[in-house]
There are 2 protein chains.
Amino acid sequence: MSYNKTPSITAETINPKVKIFSYEPCGEIVRRAERLQQEMDENPDSLPFPEIIHCNLGNPQVLGQRPVTFFREVLSLCDNPALLDREEARALFSACAIKRARKIVNSIPGKETGGYTNSQGVKSLRQAVADGISARDGYPSKPDDIFLTDGASAAVNMMLQILIRSHEDGILCPLPEYPLYSASIILHGGTMVPYNLTEDRGWGLEIFEVKRCLEEARSAGLTVRAMVVINPGNPTGQVMSITNQEEIVEFCRKEGLVILADEVYQENVYVENKRFHSFKKVARSLGYDEKDLSIVSFHSVSMGFCGESGRRGGYMEITGFGDDVKGEIYKLASVTICPNIAGQILTSLIMDPPKLGNESFESFEAEKERIHSSFWKRAKTLGKAFSSLEGVSCNNIEGALYIFPRLHLPSLAIKAAKREGVSPDVFYTHRLLDATGIAVVPGSGFHQVSGTIHIRCTILPDEDKIAAMIPRLKGFHESFMNEFRGSEPYMNDLRR
Amino acid sequence: MSYNKTPSITAETINPKVKIFSYEPCGEIVRRAERLQQEMDENPDSLPFPEIIHCNLGNPQVLGQRPVTFFREVLSLCDNPALLDREEARALFSACAIKRARKIVNSIPGKETGGYTNSQGVKSLRQAVADGISARDGYPSKPDDIFLTDGASAAVNMMLQILIRSHEDGILCPLPEYPLYSASIILHGGTMVPYNLTEDRGWGLEIFEVKRCLEEARSAGLTVRAMVVINPGNPTGQVMSITNQEEIVEFCRKEGLVILADEVYQENVYVENKRFHSFKKVARSLGYDEKDLSIVSFHSVSMGFCGESGRRGGYMEITGFGDDVKGEIYKLASVTICPNIAGQILTSLIMDPPKLGNESFESFEAEKERIHSSFWKRAKTLGKAFSSLEGVSCNNIEGALYIFPRLHLPSLAIKAAKREGVSPDVFYTHRLLDATGIAVVPGSGFHQVSGTIHIRCTILPDEDKIAAMIPRLKGFHESFMNEFRGSEPYMNDLRR
């Protein structure tokens, strides 16, 4: 297509910041999977696998997770409050859901669920979130500190937009990272200051490494404003120890860094010896309050047992900022007027679920427990499967929804990748997808340590799908290794 | 509150771009109204009015507009697809809504409404939007050109982020403007190039004025990339003539400017002699296609008879951009993964409503017609009321949801405002709110021509509310004028 001569918009003339960043979980692998899907739709027998399994995103419901009944009942009633007064509704909805939906609708100014709300979210729903945080942590939370958002990504974007003034402002981020952070930092014109998690210590965060990175950044002239911590980890699946969290709190307090705590996997902790603790709780238990430390906690309805990713609901709790700063954050939120109401309602529900004594309590808990224990089972099954593959090692999954195995590929595979002009992880994931229909994200999409090769695979396909997936994965890996084995040794470390 | 000594986050040290912009429809007037509401809640008899009427935002349902039954039925069923197979649901939902909801749920990959979707939105829903546009315009539209978004604001933000590279990039915007544009341009580091609408020609857009502004901007070294047009106008309520639109198309084509067409009020045209025409339709009817001109059309579920503002649904149709640019827009959209599903579904419904022959068609049309004719009635009533006030003039409302009257205030009022350190329009709106509970936005929030005084008031309060509001408005205005009349003349023009 040719364009008119006047200065038109081409990929060369758009905002270069948009061009620089990458967001692989929704990137090339998705487009490749879509092309395959189209081929399959046109000719169902054209491909050597029965279906594409999207392990590239933490997208529970697309992979078979059933939504939690109580959540959907309340949402459905709030969408159509006319049902609340209909006798016939009692046959379709639990009394508990009717009661909750009525309470929610009545607490919304105008008593309708279709209006713009306060840019921070409906006050009563923020109150429910704050109460849930208070109950979770044992330390008080205030509705004025809660911003309901269109998912955690929107909240992270907003906070980075507030913090970043220029490329001289740095944000400490873990590597491997969830690429929302690098993307958002680039888009807002800041500088990412990466610190490495230590793979052979279970992807642990070592404070001396963070300190080293901070000092290096400062000597390069950067003003480091905040430290991102993802706990439980994405893509790494580790759960921090409380001692580690305390070190981080002390460090950030001493260095004047805002803690940006990505806590969206707080409901996804599997191992017996670990529990989720919010950074705010850890700070308060050390005796630090708002005047000592700024902490932002991000949470979402997308993960956990809720899994309502497409609803785009979440919150951030902002503590240790003055009212003037909160006023500016409010103003920024108001540019898109308000977060979507279904997301707001769901966010209140995950933080204020049915309680002991409520009619729906037992069935709710049963659904939750079933999802949770299945996650754990799937994590173990997939972990075992990946670990059994030749040249593949992976840490235990302690939490979150991903496995991030490391691959040691034959040097002939590395060379073949080079010939195709792609990195070895990309080469492997494309081959895997084409041969098996399993879509995973190459580790380079998460800025893995340079020279290593990883893939990120979600544990979300349901148990039957995982059972079907494993032989395909094993078969593919075996023939991949056989194809490239040759006589040369494995490339355990590309940095050599 | 005192903060630790290390470089902490204060209003002085946040991103200055956030500090600069203002967004008055959700700004000071809302905070003032909230304070009054709190006073009323604590002591119901403390204020001289029975309720606060929020005329500051185009927020239909908070002001009493009933949601459209078909839309809510479909949403409610899509939220809880388990209902689709329940016999009892037939008592509560129309067959038409059940059919539509089933079709939508079945067309979503994974057949669940809780998963992340394609970052551009679900393909089948984009197809419905594209088909609706084709039917509306008589020119084809493609689902690949549709981006479903969390409301039009998110879409505008995204496009400006794509277009703006630095402060040397300019965007032509009408004055008075909807402040989303200035806010977003500031946040993305660009330069707004304002052009004035002509108040005494019914807020008409005069192409020689736009040309003058373009040339001035170019001589100042700016690269002007796009022209924003809002049709029907916000806050000005005018509807463009087709001749005027043709001039704009010719102008933008010749000058290589992207047309950013804010068409969110396309369903809100009231006068007999005007109709809505999309800019894309006008361009195609002039014989221009994708290679001649880039056009982005924004639409939303917030306005019109739908009025589902809090759902945050909308789309942009992007034509005249290469696939590489569209790929970058897709990547930008993927940073927040996907728009919320309820908003996506509603967007498909407004573009693909019940048709003749569908069971719900007649009741749907009746609801739509009732809302529409009531808008028109309210616009006329409010227009008449404002025009009857001493020193107030206002143009006819042809479309959209606002009246934007001009005030000619006594010079003593101007002086009183000055003493309070606020502009006269802010002074007037604060006084109006405190005395009557009616919240309107000062014209300075829309960058009215310097030296003039306007207020923006939505026509959305229901007919009973408007009837109750008018005597309060008249009473207030009369005593305001009496208070400040003195012996000095009106300040018709502050520029003197």
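Based on protein heavy atoms only, chain B ends up with 36 Å² per residue of surface accessible to a 1.4 Å probe. Buried surface for the A/B pair, taken as the accessible area of each chain alone minus that of the pair with a 1.4 Å probe, is close to 8300 Å² in total.
Is the C-alpha gyration tensor of segment A:16-171 telling us rounded, prolate or oblate? Criteria: a/c under 1.5 is rounded; beyond that, a/b larger than b/c is prolate, otherwise oblate. Judged from the Cα gyration tensor, segment A:16-171 comes out oblate (a/c at least 1.5, b/c at or above a/b). Per-atom-type breakdown for chain B gives carbon and sulfur 51% of the accessible area (1.4 Å probe, protein chains only). Across q = 0.13, 0.19, 0.24 Å⁻¹, segment A:112-227 modelled as identical point scatterers on its alpha-carbon atoms has Debye log10 I(q)/I(0) values of -0.69, -1.03, -1.17, in the order of the q list.
From the largest down, segment A:286-429 spans 59, 43, 36 angstrom on the principal axes of its Cα atoms. Taking the label point 7 Å along Cα→Cβ, A:ARG485 and its counterparts in the other copies are spaced 10.2 nm apart, in ascending order. Of interest is the spacing of the C-alpha centroids, which for segment A:91-159 and segment A:396-465 amounts to 38 Å. For segment A:1-92, the ratio of Cα radius of gyration to the globular rule of thumb 2.2 N^0.38 Å stands at 1.85.
Sorted from nearest, the other copies put their B:ASP85 label points 3.3 nm away, the label point being 7 Å from Cα in the direction of Cβ. For segment A:380-481, the Kirkwood estimate of the hydrodynamic radius, built from every pair of different alpha carbons, is 13.8 Å. Report the rotationally averaged projected area of segment B:233-296 based on its alpha-carbon convex hull, in square nanometres. Projected over every direction and averaged, the Cα hull of segment B:233-296 covers 4.4 nm². When Rg and Dmax are taken over the Cα atoms of segment A:191-244, they come to 12.0, 33 Å. Taken over the Cα atoms of chain B, the convex hull encloses 191 Å³ per residue. Segment A:184-230 and segment A:23-67 have Cα centres spaced 34 Å apart. How much of the pair distance distribution for segment A:225-338 lies past 22 Å, counting alpha-carbon pairs only, in percent? So the portion of pairs separated by more than 22 Å is 38 percent.
Of all aspartates and glutamates in the structure, the ones whose alpha carbon falls short of 19 Å from that of A:LYS377, not counting any fewer than 8 places away in one chain, are A:GLU267, A:GLU272, A:GLU365, A:GLU367, A:GLU369, A:GLU398, A:ASP462, A:GLU463, A:ASP464.
Using the eigenvalues of the Cα gyration tensor, what equivalent ellipsoid semi-axes result for the protein assembly as shown when each is taken as the square root of five times the eigenvalue, whole Å, largest first? Walk me through the numbers before you get to the answer.
Numbers: eigenvalues 431, 192, 187 Å².
Equivalent-ellipsoid dimensions as semi-axes: 46, 31, 31 Å.
Loop-resident GluC sites (Glu not before Pro) (DSSP state other than H, G, I, E or B) in segment A:131-205 with no more than 15 further Cβ atoms inside 10 Å of their Cβ: A:GLU168.
For segment B:172-275, what percent of Cα pairs sit more than 15 Å apart? Walk me through the numbers on the way to the answer.
On the way: 3343 of 5356 pairs.
Tail of the P(r) past 15 Å holds 62 percent of the pairs.
Computed over every Cα-Cα pair of segment A:261-300 and binned at 10 Å starting from 0, the pair-distance distribution P(r) comes out as 28, 46, 24, 2 percent.
What GluC sites (Glu not before Pro) does segment A:237-329 have in DSSP loop regions with at most 12 other beta carbons within 10 Å? Numbers along the way, then the final one.
Numbers: sites: A:GLU246, A:GLU247, A:GLU250, A:GLU255, A:GLU263, A:GLU267, A:GLU272, A:GLU290, A:GLU308, A:GLU317, A:GLU328; in loops: A:GLU263, A:GLU267, A:GLU272, A:GLU290, A:GLU308.
Qualifying residues, ordered by number: A:GLU272.
Over all directions, how big on average is the projection of the convex hull of the alpha-carbon atoms in segment A:295-337, in square nanometres? Provide the component values of the computation, followed by the final result.
On the way: hull surface 14.6 nm².
The directionally averaged projection comes out at 3.6 nm².
Note on B:LYS280: lysines with a C-alpha under 26 Å away, same-chain residues under 8 apart excluded, are A:LYS5, B:LYS123, B:LYS142, B:LYS211, B:LYS254, B:LYS291, B:LYS326, B:LYS331, B:LYS355, B:LYS368. Based on the Kirkwood approach, the hydrodynamic radius assigned to segment B:347-396 is 13.4 Å, with every pair of different Cα atoms included. Over chain B, dividing the summed -39,500 (n - 2.57) contributions of all DSSP H runs of at least 4 residues by the number of residues returns a 222 nm mean residue ellipticity of -13500 deg cm²/dmol.
Counting only other chains, what is the mean number of Cβ atoms within 10 angstrom of the Cβ of each residue in peptide A:150-156? Before the final figure, lay out the partial values.
Numbers: counts 9, 6, 2, 5, 5, 1, 2.
For peptide A:150-156, the averaged partner shielding equals 4.
In nanometers and ordered shortest first, the copy-to-copy spacing of the B:GLU250 label point, defined 7 Å from Cα toward Cβ, is 7.5.
What value in Å³ per residue do you get for the convex hull of the alpha-carbon atoms in segment B:43-116?
On the way: hull volume 13.2 nm³, N = 74.
Convex hull volume per residue, Cα atoms: 178 Å³.
The values are calculated or read from the model by the stated rules, or taken from the named source; none is laboratory data. Keep in mind that this is a model prediction, so the values were computed, not measured. All Cβ positions, glycine included, derive from the backbone under ideal geometry; neighbour counts span all protein chains shown. Accessible surface is based on the protein model in full, side chains and every heavy atom, while ligands, DNA and RNA are left aside. Shrake-Rupley method; radii C 1.70, N 1.55, O 1.52, S 1.80 Å.
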